[in-house]
Structures are given as C-alpha cells and as structure tokens.
Amino acid sequence: MRNLKKFLALVLAMMMAFSLMVTANAKDITAVFSDAESVTEEFQTAVDVTNGMGILKGYTDGTYQPKNNIRRSEMTALVYRLATGDAKDESNEIHKNYVTFKDVATNDWFAGYVGYCQNAELIKGDGVGNFMPNRDVTGYEALAMILRAMGYDQNHEFEGTGWQVRVGSIATQRHILDN
C-alpha cells in the first residue's frame, strides 16, 4: 500500500479521536521532526494528533520519514501504545522476555512491543515461529492488528484462508476506511 505510514496515521488518529476523545494533545510536528514538511496537508492534523498523543514518535535521528513504508516491528510499537496507553513506553521493557518468535531477540529495540502484542494476541507470525519484524506490514496486517486492539478477532476470524476479506469487511462496517 502506497504511503502506508500516512494511511496508518489517519486511521490511528480517527480511532483515538473517537474512542478516547483526546485531541487536545495535538501539537505541530514541524517543531519535532526535521522532515515534517514532507507530510502532505491532508494528513497534517492526523500526524499532529497521533504525535501529540505519543502514538507516533518518529526515528532516533529526528525524522518522521512519511514517505517510507512501515515495517511490522514499527506497527507493533504503534499498536502497543494504542492498546496500552503507554505513550511514554514506560512498561515496554518488561515484555521483552515474553517473545517466543524465533526472529525476535530480547535485545531488539522492538522486543518489548512484540512481547506484549504477541501475548495479548494482537499480532500473528508466519505459523512456523517467525514474526518477520523487518518486512513491510501490509494494509490488511495493519488493520488486523488495529482491529484486534479494538477487541475484534476474539473467535480467531482473522486467521486462515480469506482472513483479509474478513478484516476488510469489519473495517468497512466500522467505517475505519471512510474518506
């Protein structure tokens, strides 16, 4: 999906705005990220809100990189913050020892996020023990993670053949993909 980071920023902003009603924390990202001018006007508010809420943090080099695709590890960090409300990542480290995916080491920057999300059943691997943290997340995978964080997939309907159709259907029914 093109410009997935922009899409996810919009989806997360909509979800958080509707579920928590806390848009007062929005702040202008031009003072935060050196490449903030790369964010198009239509996504500026969504990025400002999600950054202000601590959901999106950018990269350690001070950039946001809005034109890059987002990796599965990065999406897991967003889902962790969304699901736990731990925008400061204060409890992230305690979950790193609970990861059972073969391709996630406890010293990986994302290990705590993956550990929490794996144990909360918000993320899935490849079925043979791998998470593939450095692979780009697909739109359907991102939606599945977000919907699980919202309480969907209790009956594991996002697994097996055709899971993408079921994810898309619920996202459409809940108007997550509108506009």
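The values are calculated or read from the model by the stated rules, or taken from the named source; none is laboratory data. A quick note: this is a predicted structure, and the numbers were derived from the prediction, not measured. In this analysis, Cβ positions are derived from the backbone assuming ideal geometry, glycine residues included, and neighbour counts consider all displayed protein chains. To get the accessible areas, we keep the full protein, side chains included, count just its heavy atoms, and leave off ligands, DNA and RNA. Shrake-Rupley method; radii C 1.70, N 1.55, O 1.52, S 1.80 Å.
Couple of notes before you dig in:
- Local net charge near residue 73, Cβ-Cβ under 13 Å (Lys/Arg +1, Asp/Glu -1): -1
- When only the Cβ of Lys, Arg, Asp and Glu is charged (+1, +1, -1, -1), the dipole of segment 39-143 relative to its Cα centre reaches about 220 debye.
- Computed from phi, the 3J(HN,Hα) profile of segment 67-75 under the Karplus parametrisation 6.51, -1.76, 1.60 (θ = phi - 60°) reads 8, 7, 6, 9, 8, 4, 5, 5, 4 Hz, with x in place of Gly and Pro.
- Accessible area per residue for segment 63-179 is 51 Å², calculated with a 1.4 Å probe on protein heavy atoms, without ligands, DNA or RNA.
- When +1 charges are put on Lys and Arg Cβ atoms and -1 charges on Asp and Glu Cβ atoms, the dipole computed for segment 39-90 relative to its Cα centre reaches about 200 debye.
- Label sites at residue 132 and residue 108, each approximated as a point 7 angstrom past Cα along Cα to Cβ, lie 1.3 nm apart.
- Sites listed here are GluC sites (Glu not before Pro) in segment 108-179 whose DSSP assignment is loop and whose Cβ has at most 13 other Cβ atoms within 10 Å: 121, 159.
- When the chymotrypsin sites (Phe, Trp or Tyr not before Pro) in segment 51-133 are filtered for DSSP coil states and for at most 13 other beta-carbon atoms within 10 Å of their beta-carbon, the remaining sites are 59, 109.
- Cut-off under 5 Å, modelled amide H: who pairs with residue 130 long-range: 102
- Separation of alpha-carbon centers, segment 93-128 and segment 64-85, rounded to whole Å: 14
- Along segment 122-139 the Karplus relation, 6.51 cos²θ - 1.76 cosθ + 1.60 evaluated at θ = phi - 60°, assigns HN-Hα couplings of 8, 10, 10, x, 8, x, 10, x, 10, 9, 6, x, 9, 7, 4, 7, 7, x Hz to successive residues, with x for each Gly and Pro.
- Per-residue SASA entry for residue 60, accessible area with 1.4 Å probe, Å² rounded to 10: 150
- Amide hydrogen proximity for residue 71: with H placed 1.01 Å from N in the peptide plane, the residues at 5 or more positions away or on another chain lying under 5 Å are 137.
- Of all accessible heavy-atom area on segment 85-179, the percent that carbon and sulfur account for (1.4 Å): 48
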